[in-house]
Amino acid sequence: MSLFAELKRRNVVRVATAYAVTAWLIIQVVETVLPFFGYSDDAIRNVIVLLVIGFVPAIVLAWVFQLTPQGIKRDSGARGLAADVGAMRRLDRAIIVLLVIGISYFAFDKFVLAPERATEREAEVAKQAKTEAITGYYGDRSIAVLPFENMSAYPEQQYFVDGVAEELLNLLARIRQLRVISRSSSFALRDLDLEVPEIAERLNVGYVLEGSVRKIGNTVRVTAQLIEAHTDTHIWSDSYERELENVFAIQDEIAADIANNLRIKLLRPLDASRMNDPKAVALAQQAKQIAERRPRDVGERMTPLIERAIEIDPSYITAWEWKVSADFFLRREGLISAEEAERRYQESRRHILKLEPESGFVDSLDGFNAMRSGSVEDAAASFERAISKDASRSNVVRIAGMFARSMGKFETAIRLGEHSVAIDPLCYMCLYHLSRTYMYAGDYESAVEMRRRYLALGEGGRYHYGLILLLQGKAGEAFEHFQTLDSENPQKYAGLAMAHHELSVPGKAGEALTKLMSLSGNEIPILVAEAAAWMGQRDVAFDWLKKASDGLPYGSLDLMNPTFRNLHDDPRWDDFVDSIGFSRERLDAIRFNPVLPE
């Protein structure tokens with residue numbers, strides 16, 4: 001008898017076939033299931049190796065043993081015909097069953113799972129492309145300055161230590177070829193006990209600077225270490241020791257050393273450090289955090305912090321800059337008059353320009369005020385100047401992005417918004433406005449992702465998350481979301497009116513809209529107009545748009561909001577935008593495409 005015939009007689013060929021089909025099925029399943037539970041490719045590789053190793057014992061056992069009606073027995077070399085045929089039939093049936101399962105799984109994988117995986121891959125590729133687009137401004141020349149460690153014997157010296165790191169960060173931010181993560185993002189990780197690669201992933205940087213400060217008497221010793229973030233490799237470190245009055249020279253030296261180690265050819269000499277009082281720095285930072293979280297009494301809470309910071313250090317520019325914001329919020333909260341707000345603004349503007357004549361922040365303020373007054377040509381010019389002077393400040397870039405969005409220049413708005421997030425990944429308002437821009441541009445998936453990042457960090461902004469859900473066709477989810485808004489928030493009733501309309505509950509939609517109309521406040525007319533436009537009540541929408549235009553500046557009308565799309569084919573829409581001086585032709589004629597760092 002030939003070897004092949006003997007293999008067939010002992011059912012080795014059938015067992016090998018059944019084993020191969022079973023192993024293939026197992027591999028397909030583990031490749032799908034194990035990653036879902038967080039297992040790496042190593043686990044899948046181990047399963048494959050075990051299956052390959054198990055093939056040899058399976059063949060040996062098939063050779064040595066035979067399958068009989070009485071069970072598995074050692075092969076005697078002489079089988080009865082009926083027993084052989086019965087064993088072969090059972091194995092044939094098992095193989096057929098396995099093949100059917102395998103073909104069914106193959107079809108399920110190809111027509112059900114594969115499209116889902118393709119969608120996930122496309123989303124991942126899109127996300128990666130956005131990351132590359134953001135980091136593409138600078139390549140690997142991006143850095144986060146972590147809070148320095150206080151090595152002094154007194155905890156109260158932390159103010160001084162933070163001031164050293166803060167000013168060093170500001171110096172590095174003036175290097176146009178370097179992307180520097182803002183203080184609010186890098187210092188937010190202070191107490192999270194993260195490894196450097198984790199910090200790099202969260203902040204999307206190539207390098208991390210960490211260090212320590214020891215102050216003994218009138219002597220200060222600063223140690224700094226530059227780390228290649230993704231590999232956690234120290235590429236440079238040094239220590240600097242000076243008398244207290246010369247501590248700012250240390251910051252200048254460290255900034256120059258970092259630029260040298262990153263092989264950055266400076267376009268101009270670095271500015272010298274500003275000698276700001278660390279306590280004033282800490283107070284201004286607290287005010288900034290309040291401004292970005294936007295509680296209801298934001299101006300009232302910011303003001304004493306800013307006033308104290310200016311009292312401590314009148315030459316601290318950042319304190320004057322945040323005073324502008326505090327006074328803006330005080331005016332919006334009705335705590336100061338419009339005349340008083342303007343007087344305070346002009347006073348702060350004079351102080352800032354006296355301290356920094358080429359202030360990009362002032363250009364940004366001028367652009368914002370021009371935008372709100374309707375002078376969009378002047379606004380475009382001011383924002384261009386602001387970014388040409390300082391593209392490293394997230395609030396300057398963010399507001400320019402808001403302006404681009406208000407004119408319908410969504411591509412520019414997205415580019416500016418992504419840049420603001422790149423330099424300040426944990427900036428609440430940067431995430432908020434980038435999400436809003438994505439929504440206006442029709443990229444709802446990106447809008448949801450950015451909005452969720454914002455909601456994980458900040459307060460407010462929940463109304464627009466509901467709008468995104470409506471625009472995605474998820475009226476039920478939008479309704480549930482709007483239900484969670486505070487009953488005193490008028491946005492709740494605008495959202496519920498639109499959600500009920502989409503859910504075909506006209507009675508409830510009408511009740512919510514009527515409730516909204518009965519409320520008072522500057523934002524009510526524009527909310528009513530949005531809801532009515534969404535619901536197809538065009539007469540109501542145009543009536544309330546007129547009321548909104550009488551009481552709000554153009555920058556607050558938000559005419560690019562997708563809730564108004566139902567009005568665009570109505571002749572009254574063109575008449576309305578023409579009547580307030582913002583025709584499509586005028587906006588299209590404005591060229592606004594600020595140059596960001598290459």
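The values are calculated or read from the model by the stated rules, or taken from the named source; none is laboratory data. The shown structure was predicted, so the numbers you read here are calculated from the model rather than taken from an experiment. Because the Cβ atoms are built from the backbone with ideal geometry, glycine has one as well, and the counts that use them run over all protein chains shown.
Just to be sure I understand the filter: pairs with C-beta atoms under 6 Å, separated by 6 or more residues or on different chains, first member in the stretch 428-450 and assigned by TED's automatic domain parsing to the domain that holds residue 404, second member surrounded by 24 or more Cβ atoms within 10 Å (Cβ to Cβ) and assigned to a loop (DSSP other than H, G, I, E, B). Which pairs pass?
Filtered contacts from the stretch 428-450: 430/424.
Is at least one residue of the stretch 387-395 surrounded by fewer than 23 Cβ atoms within 10 Å (Cβ to Cβ) and over 21 Å from residue 425 (Cα atoms)?
yes
If you check 311, 300, 307, 321, which single one turns out to be closer than 21 Å to residue 522 by Cβ and either assigned to a helix (DSSP H, G or I) or modelled with pLDDT under 90 (or both)?
Exactly one residue qualifies, and that residue is 300.
Looking only at the stretch 440-481, how many residues end up being of a type in the set (A, V, I, L, M, F, W, C) and closer than 21 Å to residue 409 by Cβ?
Looking only at that region, the number is 6.
Would you check if there is a residue in the stretch 151-161 being at negative phi and at pLDDT 80 or above?
Within the stretch 151-161, one or more residues are at negative phi and at pLDDT 80 or above.
Can you pull out the residues in the stretch 520-546 that are among the aromatic types (Phe, Trp, Tyr), crowded, with 21+ Cβ neighbours inside 10 Å and over 20 Å from residue 503 (Cβ atoms)?
Hit for the stretch 520-546 is 544, nothing else.
Cβ-Cβ under 7 Å, sequence separation 6+ or interchain: first residue in the stretch 467-494 and in the same structural domain as residue 436 (by TED's automatic domain parsing) and of a type outside the set (Lys, Arg), partner in a loop (DSSP other than H, G, I, E, B) and buried (at least 18 other Cβ atoms within 10 Å of the Cβ). Which pairs?
Partner pairs satisfying both residue conditions: 491/485.
Please go through the stretch 505-529 and pick out each residue that is at pLDDT below 95 and either at positive phi or among the acidic types (Asp, Glu) (or both).
Residues satisfying the conditions are 521, 523.
Where in the stretch 1-70 are there helices (runs of 4 or more DSSP H), lying wholly inside it, with at least 3 residues that are modelled with pLDDT of 80 or more?
12-33, 41-64
Filter the stretch 198-235 down to the residues that are in contact (Cβ under 8 Å) with a residue 60 or more places away in the chain and of a type in the set (Val, Ile, Thr), then identify the one that is farthest from residue 151 (Cα to Cα).
Checked the stretch 198-235; the qualifying residue farthest from residue 151 (Cα to Cα) is 205.
When you go through (1) more than 30 Å from residue 290 (Cβ to Cβ); (2) loosely packed, with under 15 Cβ neighbours inside 10 Å one by one for residue 512, which number turns out not to apply?
Residue 512 satisfies all of (1) more than 30 Å from residue 290 (Cβ to Cβ); (2) loosely packed, with under 15 Cβ neighbours inside 10 Å except (2).
Quick check on residue 377: is it more than 14 Å from residue 594 (Cβ to Cβ), in contact (Cβ under 8 Å) with a residue 24 or more places away in the chain and either part of a helix (DSSP H, G or I) or hydrophobic (A, V, I, L, M, F, W, C) (or both)?
Judged against the criteria, residue 377 is a match.
So, in the stretch 453-474, exactly how many residues are modelled with pLDDT of 85 or more and surrounded by fewer than 17 Cβ atoms within 10 Å (Cβ to Cβ)?
Counting residues in the stretch 453-474 that are modelled with pLDDT of 85 or more and surrounded by fewer than 17 Cβ atoms within 10 Å (Cβ to Cβ) gives 2.
Given the structure, is residue 576 modelled with pLDDT of 90 or more and out of contact with any strand residue (DSSP E or B) (no Cβ under 6 Å at 6 or more places or on another chain)?
yes
Step by step: first the residues of the stretch 547-571, then only those that are surrounded by fewer than 14 Cβ atoms within 10 Å (Cβ to Cβ) and farther than 21 Å from residue 382 by Cβ, then the one that is modelled with the lowest pLDDT. Which residue is that?
551
With the requirement that a residue be of a type in the set (S, T, N, Q) and either under 19 Å from residue 575 (Cα atoms) or outside the structural domain of residue 491 (by TED's automatic domain parsing) (or both), what does the stretch 505-540 give you?
537
Here is a list of conditions, (1) basic (Lys, Arg); (2) within 21 Å of the chain's Cα centre (by Cα); (3) not assigned by TED's automatic domain parsing to the domain that holds residue 549, and residue 415 meets all of them except one; can you say which number that is?
(3)
With respect to residue 363, determine if the residue is within 26 Å of residue 590 (Cα to Cα) and touching a helix residue (DSSP H, G or I) at 6+ places or on another chain (Cβ under 9 Å).
Considered against the rule, which asks whether it is within 26 Å of residue 590 (Cα to Cα) and touching a helix residue (DSSP H, G or I) at 6+ places or on another chain (Cβ under 9 Å), residue 363 comes out as yes.
Which one of the conditions (1) surrounded by 15 or more Cβ atoms within 10 Å (Cβ to Cβ); (2) more than 19 Å from residue 471 (Cβ to Cβ) does residue 588 fail to meet, given that it meets all the rest?
Exception for residue 588: condition (1).
Find the helices (runs of 4 or more DSSP H) located wholly in the stretch 526-598 whose residues include 3 or more that are closer than 18 Å to residue 375 by Cβ, and list them.
In the stretch 526-598, 554-557, 571-579, 584-589 are the helices (runs of 4 or more DSSP H) which contain 3 or more residues that are closer than 18 Å to residue 375 by Cβ.
From the list 229, 224, 165, which residue is touching a Phe, Trp or Tyr at 6+ places or on another chain (Cβ under 8 Å) and either more than 27 Å from residue 312 (Cβ to Cβ) or of a type in the set (Ser, Thr, Tyr) (or both)?
229
Among (1) surrounded by fewer than 21 Cβ atoms within 10 Å (Cβ to Cβ); (2) in a helix (DSSP H, G or I); (3) modelled with pLDDT under 90, where does residue 334 come up short?
(2)
For residues that are surrounded by 24 or more Cβ atoms within 10 Å (Cβ to Cβ) and part of a helix (DSSP H, G or I), tally how many sit in the stretch 422-431.
Residues in the stretch 422-431 being surrounded by 24 or more Cβ atoms within 10 Å (Cβ to Cβ) and part of a helix (DSSP H, G or I): 4 in total.
What residue, of 413, 404, 499, is in a helix (DSSP H, G or I) and within 30 Å of residue 515 (Cα to Cα)?
499
Which count do you get for residues in the stretch 239-256 that are loosely packed, with under 14 Cβ neighbours inside 10 Å and not in a helix (DSSP H, G or I)?
3
With respect to residue 226, is the statement that it is in the same structural domain as residue 163 (by TED's automatic domain parsing) and over 22 Å from residue 155 (Cα atoms) true?
yes
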